[in-house]
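Asker: Below is one structure. I have some questions about it.
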Amino acid sequence: MRIIFMGTPETSAEILKVLIEAKHEILCVVSQPDRPKGRGQKISFPPVKEWALKYALPIEQPEKIKGNQVFISLLESLNPEVIVVVAYGKILPKEILNIPKYGCINVHASLLPKYRGAAPVQWALLNGEKLTGVTIMKIDEFLDTGEVILQEKVRIEEEDNNATLSKKLFSLGGKLLLKALEQIERGKAKYTPQNEAEATQAPAITRESGEIDWRRSALEIHNRIRAMVPWPGAHTFYKEKLLKIWRSEIYVADLESKFKLPGTIVQMVKKVGFMVATGKGHLLINEVQPQGKKCMPAYDFAIGHDVKIGETLPN
């Protein structure tokens, strides 16, 4: 099919690769503008742009699309059969939705209408879901409210974090998208309205979303750690320096300790990490990243920084 592809992050790039390998005709790739990134704030390309350049595909990076008549006219001139949108980062105006013959199609990493919004994978993890999935949806003028074409469920494993779960979901999403495009082209696609009564939201994650409140339960904190990989990273402070926590385990056995205050380090676990008291239960910290340094085993951090039982991480 003749496709305009719109997307920005690495997950989008993987879907673009699937379309290219399936021999669909990619007329143009649309991505967010280049942005400064990292400690040096060096201007970097979005991952989708890198793939577009690799395959010598035309690329557009408008700062804004609503009311941008030059950009809209360009899309019209390409005469696409469909526009595929994967984590592009902007809501498409009606002028763009009306351009393609078969409409605009979105790959969304949840079982819509659950988790509409920018961060469905992270919110599923934050809420301790055991099941999520992928939806192929026809886009309308509102946020993730369009008719469902295909859906498939995915089980969330205990060891999953945002990075691993996203990879699984968008790998499935590429296969499901190809199936949906085939159905659309053959006139066999079914369009099912979403049940508004079951809708939930998944708003964008911010840097502050990674803050750990040790007064919450061990389960809630563990889920926050999983949800914040790789960005922004769940974090606390040790001796007034940022300490990101990348991996943890809920300690399910009873643990007797004279230290009850949430955030208190109550035990060292040799070669594994250190135990922290929470508002309910204890959390074993396995992997950390001190400010300005690389990730390391939590036990190595504790030994190297002379962490003592009874010290308290701030809430």
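Asker: Limited to the stretch 1-53, what total is found for residues that are assigned to a strand (DSSP E or B) and closer than 21 Å to Pro100 by Cα?
Answerer: 12
Asker: Have a look at Val70, Val82 and point out the one that is in the same structural domain as Val121 (by TED's automatic domain parsing), crowded, with 16+ Cβ neighbours inside 10 Å and either modelled with pLDDT of 95 or more or touching a Gly at 6+ places or on another chain (Cβ under 7 Å) (or both).
Answerer: Only one candidate qualifies: Val82.
Asker: Those residues that are of a type in the set (Gly, Ala, Ser) and either outside any helix (DSSP H, G or I) or assigned by TED's automatic domain parsing to the domain that holds Glu159 (or both), I need them from the stretch 211-224; list them, please.
Answerer: Listed by number, the list holds a single entry, Ser217.
Asker: Among the candidates Ala22, Ala56, which residue alone is among the hydrophobic types (A, V, I, L, M, F, W, C) and either under 20 Å from Ser166 (Cβ atoms) or loosely packed, with under 12 Cβ neighbours inside 10 Å (or both)? So that I can check it myself, show each step before the final result.
Answerer: Numbers: Ala22 fails: either under 20 Å from Ser166 (Cβ atoms) or loosely packed, with under 12 Cβ neighbours inside 10 Å (or both).
That would be Ala56, the only listed residue that is among the hydrophobic types (A, V, I, L, M, F, W, C) and either under 20 Å from Ser166 (Cβ atoms) or loosely packed, with under 12 Cβ neighbours inside 10 Å (or both).
Asker: Yes or no: Ile245 modelled with pLDDT of 95 or more and closer than 21 Å to Asn161 by Cα?
Answerer: Against the criterion (modelled with pLDDT of 95 or more and closer than 21 Å to Asn161 by Cα), Ile245 qualifies.
Asker: While we're here: Check Gly310, Gly279 and return the single one that is at positive phi and not assigned by TED's automatic domain parsing to the domain that holds Pro9. It would help to see each step written out before you state the result.
Answerer: Numbers: Gly279 fails: at positive phi.
Only one candidate passes the filter, namely Gly310.
Asker: Going through the stretch 160-182 one residue at a time, which ones are in contact with a Leu (Cβ under 9 Å, 6 or more places away or on another chain) and among the acidic types (Asp, Glu)?
Answerer: Once the filter is applied, which keeps residues that are in contact with a Leu (Cβ under 9 Å, 6 or more places away or on another chain) and among the acidic types (Asp, Glu), the stretch 160-182 yields only Asp160.
Asker: Considering only residues of the stretch 244-271 that are of a type in the set (Gly, Ala, Ser) and within 31 Å of the chain's Cα centre (by Cα), which is nearest to Leu283 (Cα to Cα)?
Answerer: Ser248
Asker: Kindly indicate whether any position in the stretch 30-46 is buried (at least 16 other Cβ atoms within 10 Å of the Cβ), touching a helix residue (DSSP H, G or I) at 6+ places or on another chain (Cβ under 6 Å) and either over 23 Å from Ala204 (Cβ atoms) or not assigned by TED's automatic domain parsing to the domain that holds Gln183 (or both).
Answerer: Within the stretch 30-46, none of the residues are buried (at least 16 other Cβ atoms within 10 Å of the Cβ), touching a helix residue (DSSP H, G or I) at 6+ places or on another chain (Cβ under 6 Å) and either over 23 Å from Ala204 (Cβ atoms) or not assigned by TED's automatic domain parsing to the domain that holds Gln183 (or both).
Asker: While we're looking at this one, here's another question. Kindly indicate whether any position in the stretch 135-152 is surrounded by 19 or more Cβ atoms within 10 Å (Cβ to Cβ), within 19 Å of the chain's Cα centre (by Cα), within 27 Å of Gly233 (Cα to Cα) and in contact (Cβ under 8 Å) with a residue 12 or more places away in the chain.
Answerer: yes
Asker: Continuing with this model, one more query. Would you check which residues across the stretch 88-103 are aliphatic (A, V, I, L, M) and surrounded by fewer than 22 Cβ atoms within 10 Å (Cβ to Cβ) and list them?
Answerer: Once the filter is applied, which keeps residues that are aliphatic (A, V, I, L, M) and surrounded by fewer than 22 Cβ atoms within 10 Å (Cβ to Cβ), the stretch 88-103 yields Ile91, Leu92, Leu97, Ile99.
The values are calculated or read from the model by the stated rules, or taken from the named source; none is laboratory data. Treat the numbers as computed from the prediction; the structure is a model and nothing was measured. When we count neighbours, we look across all protein chains shown, and the Cβ atoms used for this are built from the backbone with ideal geometry, even at glycine.
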